[in-house]
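See structure below.
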Amino acid sequence: MTISAEMDEAASKLTIAVDGRFDFSAHKEFRQSYDSLSSKPSTYSIDMGQANYIDSSALGMLLLLRDHAGGDQASVEIVNCSSDVKKILTISNFDQLFLIQ
Amino acid sequence: MYEPTGTARVLVADDNVVDRKILSAIVEKAGYEVIDAVDGNDAVEKFYALKPDLVLLDALMPGKDGFEVAREIKANSGDAFVPIMFLTSLTGASELARCVEAGGDDFLSKPYNRVILQAKLSALHRMRDMHNTVQAQRDEISKHHLQLLSDQEAAKAVFDKVALSRQLEASNIKHMLSPLALFNGDVLLAAQNPARNLYILLGDFTGHGLAAAIGAMPLADVFYSMTGKGFSLTDIIRECNRKLGAVLPGGYFCCATALFIDFAKGTVEYWNGGLPSAYLRRHSSEDLVQLSSNNLPLGILGADKFVDETQVLEVAPGDRLFMATDGVIEARDSHGEYFGADRLENIIGQADISSVFDAVKREVHRFMAEQDRDDDITMVEVTIVEPADLDEIDPLTVSDDDYGPQDWKFSYELGPKSLKEFNPLPLLQQVMMEAPYLRSKASEIYTVMAELYSNALEHGVLGLDSDQKKSAEGFAQYYAARAAALENVVGFVRFEISGLLVDEQVELRICCTDSGSGFDFETYIRRAQEAQDTGAKYHGRGVRLLNDLCQEVQYLEPGNQVRVLMEWNLKAGEEAS
């Protein structure tokens with residue numbers, strides 16, 4: 001598993017890409033990817049294109065990111081989900097909290 | 001943690017005085033403390049007595065030779081690593097191999113080369129240090145592991161006292177829950193309300209280990225205290241959500257399915273937030289109904305956003321409800337393939353209805369083959385039975401020392417806002433149960449109250465037509481109409497309740513009045529009687545229930561008031577039991 005983050009200053013958008021299994025082992029890296037920024041982006045995008053598995057701890061991490069980004073006012077999208085990943089997000093009804101594509 | 005000692009002590013065993021002196025001098029010069037041994041026996045004795053850190057052994061000595069000494073030292077040093085170096089004039093490969101076989105860690109050929117000897121000593125010394133460090137770490141880890149296991153055992157024992165319900169042992173419930181399920185975040189709770197209807201909550205907390213287990217306690221606490229008082233499923237999940245939201249740290253939540261099964265009415269009410277679909281396998285048809293997740297898990301949304309809306313399905317004796325956490329569909333075979341929801345659904349839909357649970361268990365095990373991951377599998381199946389066939393799991397006990405209030409009455413009226421949002425039954429039940437002599441009939445009293453209240457509210461105040469419940473589709477429509485009508489409800493429901501205890505004779509009178517226009521109760525009662533005679537199942541269950549449980553049931557014109565009397569003798573009850 002690797003987490004990489006890219007900040008688009010012009011668009012004020014942070015893209016966090018997850019590669020491999022997205023589970024508890026990603027905890028620290030995932031948090032660091034948005035916690036240590038000098039300026040807070042206005043939108044967040046989680047790229048799941050290379051993620052082949054997510055578990056409930058990962059869902060928890062997504063919730064923490066959402067809280068960090070402003071809770072109900074946050075703009076967080078989850079993009080490029082595989083069907084397996086999408087299924088897990090859907091069962092948990094995370095589409096009520098995130099824009100899932 | 002291991003820390004290397006200052007000066008290492010080296011046992012030097014050689015029967016040749018000159019060789020020994022030379023060797024000792026080199027070793028001492030290299031900064032070690034020397035222990036001399038004049039032959040094999042002396043070497044073994046000094047090894048036991050002085051516990052050296054390194055041993056240098058002449059291979060050929062009178063008495064015990066170097067090989068024997070090495071074997072004895074290695075056999076008796078236990079976990080400690082005492083490096084042995086053979087000093088030998090032997091040069092053949094097979095002889096040198098013998099040194100290693102006997103337990104030697106290195107060898108050095110005579111005559112000694114000072115530089116090589118010192119280098120080898122220091123290498124062996126490093127090996128010993130490294131061994132000791134690894135061993136100390138291993139001991140530390142195993143100590144922590146034991147501590148963890150004993151902590152988990154203690155935590156589980158406490159949890160079991162709070163949460164483990166004998167209800168799960170009822171004959172119409174099958175379940176599978178590993179002893180360590182708690183630490184996988186799985187929780188299975190079951191309880192009856194005062195009318196012996198069943199609540200089940202299957203939960204799966206985020207993550208593993210202690211963090212996953214920590215939320216189980218408050219969840220069980222809320223569940224058991226509210227089910228015991230007869231709160232509605234909606235009230236219970238709302239409170240579970242509030243409580244978990246308040247106590248769990250950010251990012252932690254609980255996927256859960258909660259069921260409320262009313263065996264007398266033949267209904268199951270459910271709410272699923274984040275768990276894989278539960279299934280209802282009907283006895284009478286091929287239908288397999290999915291109870292799928294429509295909500296976010298518990299502990300995420302605040303009270304203002306939380307959706308506590310439940311769905312109601314009609315069930316009949318013989319129907320089976322099956323629920324599992326994601327351990328089942330995420331079970332993997334030796335190729336890493338998932339068991340999957342489709343496979344689960346096929347088994348539940350196609351297995352013989354009496355063996356659905358066992359079929360799922362068998363197939364999951366077969367699928368996983370040697371992948372022994374039973375710890376993650378939590379599942380439960382409930383069979384719908386006739387109310388009379390329910391096991392009496394926790395009989396309510398009466399203490400007869402204290403009669404409590406013996407002559408009392410109260411009246412309680414709910415206005416529109418209360419009707420819309422408040423379930424008065426737990427409160428009224430609690431007030432009545434202050435009279436200890438009513439407790440042995442708690443279940444019957446709750447059933448009567450629930451029946452009176454739902455009739456007064458649904459048919460009286462809301463004016464819903466119970467004929468609608470005749471068909472399965474109508475059934476669902478009825479509950480939708482009920483929810484819609486409640487939104488704009490006007491009117492009231494009033495209870496007047498009085499209790500009297502005289503000479504062991506108990507008299508409980510309940511009068512229920514609603515703001516509705518009443519109904520043609522004479523026709524209704526006649527039809528209920530006919531339905532009973534012909535065995536038709538949708539009609540008048542409520543009316544019959546009241547007649548069975550009460551000594552008198554009286555409807556007053558125009559039909560918006562019902563008066564019932566329940567009476568019994570405390571002595572008679574004792575003699576009978």
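No lab work stands behind these numbers, since they all come straight from the coordinates. These numbers come from a predicted model, not from an experiment. We place every Cβ from the backbone using ideal geometry, glycine too, and count neighbours over all the protein chains shown.
Below are the figures for this structure:
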| read-out | value |
| --- | --- |
| q = 0.10, 0.13, 0.16 Å⁻¹, segment B:9-136: log10 I(q)/I(0) [Debye, one scatterer per Cα] | -0.26, -0.46, -0.71 |
| For segment B:164-389: rounded, prolate or oblate by the Cα gyration tensor [a/c cutoff 1.5] | oblate |
| Peptide-level mean, for B:322-335, of C-beta atoms on other protein chains within 10 Å | 1 |
| Cα-centre dipole for chain B with unit charges at Cβ (Lys and Arg positive, Asp and Glu negative), debye to 20 | 1340 |
| Share of Cα-Cα pairs in segment B:212-337 lying beyond 27 Å, as whole percent | 24 |
| Acute angle (nearest 10 degrees) that the helix B:341-350 long axis makes with the longest principal axis of chain B, alpha-carbon atoms | 50 |
| Volume per residue that the Cα convex hull of chain B spans, once the total is divided by residue count, Å³ | 233 |
| Separation in nanometres of the label points that stand 7 Å from Cα toward Cβ, at B:Ala75 and B:Ile525 | 9.8 |
| Dipole of chain B [Lys/Arg +1, Asp/Glu -1 at C-beta], most positive-end residue of B:His335, B:Ala528, B:Met127 | B:Met127 |
| Extension gain (nm, one decimal) between B:Ala485 and B:Ser418, 0.36 nm per residue minus Cα-Cα | 22.7 nm |
| Crossing angle, helix B:66-76 versus chain B [Cα axis fit, 0-90 degrees, rounded to tens] | 20 |
| For segment B:34-60 versus segment B:164-242, the gap between their alpha-carbon centres in whole angstrom | 66 |
| Ellipsoid semi-axes in whole angstrom, largest first, where each is sqrt(5λ) of the Cα gyration tensor of segment B:1-66 | 21, 15, 8 |
| All-pairs Cα distance distribution in segment B:407-576, expressed in whole percent, bin size 5 Å | 1, 8, 16, 19, 19, 16, 11, 6, 3, 1, 0 |
| Globularity ratio of the protein assembly as shown, using Cα Rg and 2.2 N^0.38 Å | 1.42 |
| Percent RCO, i.e. relative contact order, over segment B:164-389, from Cα pairs under 8 Å lying at least 6 residues apart | 22 |
| Efficiency of FRET from Cβ geometry, B:Tyr403 and B:Glu345, R₀ 60 Å, rounded to 0.05 | 0.60 |
| Relative contact order %, chain B, counting alpha carbon pairs below 8 Å whose residues are six or more apart | 9 |
| Rough spin-label spacing in nm, given labels placed 7 Å along Cα→Cβ, for A:Asp72 and B:Arg362 | 5.2 |
| Relative contact order %, chain A, counting alpha carbon pairs below 8 Å whose residues are six or more apart | 26 |
| Sequence ranges B:517-527, B:183-193, B:56-66, ranked by mean other-Cβ count within 10 angstrom, highest first | B:183-193, B:56-66, B:517-527 |
| Mean shadow area of segment A:2-100 over all directions, Cα convex hull, nm² | 5.5 |
| Net charge over other residues, Cβ less than 12 angstrom from the Cβ of B:Leu288 (K, R count +1; D, E count -1) | -1 |
| The protein assembly as shown - share of DSSP beta bridges that are antiparallel (%, nearest 5) | 70 |
| Of B:Val187, B:Gly274, B:Ser89, farthest towards positive along the dipole that unit charges on Lys, Arg, Asp, Glu beta carbons give chain B | B:Ser89 |
